Amino acid sequence: MQTKSLYERLGGYDVIAAVTDDLLARLLNDPQLGVFWKGHSENSLRRDRQLVVNFMCEAAGGPVFYTGRDMQTSHIGLGINASDWEIFMRHAAATLEEFAVPATERDEVLAFLSSLQGDVVERA
């Protein structure tokens, strides 16, 4: 018996893209986290969005190839701290709830995101 990938269970590319759009809007509008995109052009923001969509689709087992840098290289020097990470995770959970992602899939996505913390949060 073949098990569906997380990508398929989430609803595929269009759903992951919509979830990404919601999450990025939350992050950009957050008073603490929005500063990480300050000064980015609309083109840069569109590129960042596409990289996140591709990254998440590939990580979920979808037929998408992520061509961006690894998470540590992408975030080094930004000064992201534990407080920033906690806020990010709250926004991620709220977005998944907004889209009524079932508990099993929600937990898988949040566990995957949590696994990235060591590469995103800078050591004190």
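Worth a mention:
- Using a Gaussian network model of the chain in which every pair of alpha carbons under 10 angstrom is joined by a spring, one finds that among Asn29, Asn43, Asn54 the greatest mean-square fluctuation is at Asn43.
- Coupling constants for the stretch 29-43 follow from the phi torsions by the Karplus curve (6.51 cos²θ - 1.76 cosθ + 1.60, θ = phi - 60°), and in residue order they are 8, 6, x, 8, 8, x, 4, 5, 10, 4, x, 6, 6, 4, 5 Hz; glycine and proline get x.
- Think of it as helices only: each DSSP H run of n ≥ 4 in the chain is worth -39500 (n - 2.57), and spread over all residues that comes to -19500 deg cm²/dmol at 222 nm.
- The stretch 107-124-the stretch 21-97 distance, computed between alpha-carbon centres (Å): 12
- The magnitude of the dipole of the chain, with charges of +1 and -1 set on the Cβ of Lys/Arg and Asp/Glu and taken from the Cα centre, is near 220 debye.
- Applying both filters, DSSP loop and at most 12 other Cβ atoms within 10 Å, to the trypsin sites (Lys or Arg not before Pro) of the stretch 39-89 gives Arg69.
- Shape of the chain, Cα gyration tensor, a/c cut at 1.5: prolate
- Fewest-first sequence of Asp107, Asp48 by Cβ atoms within 10 Å of each Cβ: Asp107, Asp48
- GluC sites (Glu not before Pro) restricted to DSSP loop in the stretch 1-83 with at most 12 other C-beta within 10 Å: none
- Phi-derived couplings, Karplus 6.51 cos²θ - 1.76 cosθ + 1.60 at θ = phi - 60°, listed residue by residue for the stretch 76-90: 4, x, 7, x, 5, 10, 4, 5, 4, 4, 4, 5, 4, 5, 5 Hz, with x used for Gly and Pro.
All of the numbers you see were taken from the coordinates with simple rules; none came from a lab. Just so we're clear, the structure is a prediction, and the values are computed from it rather than from any experiment. Methodologically, a virtual Cβ is constructed for each residue, glycine included, from the backbone with ideal geometry; neighbour enumeration extends over all protein chains shown.
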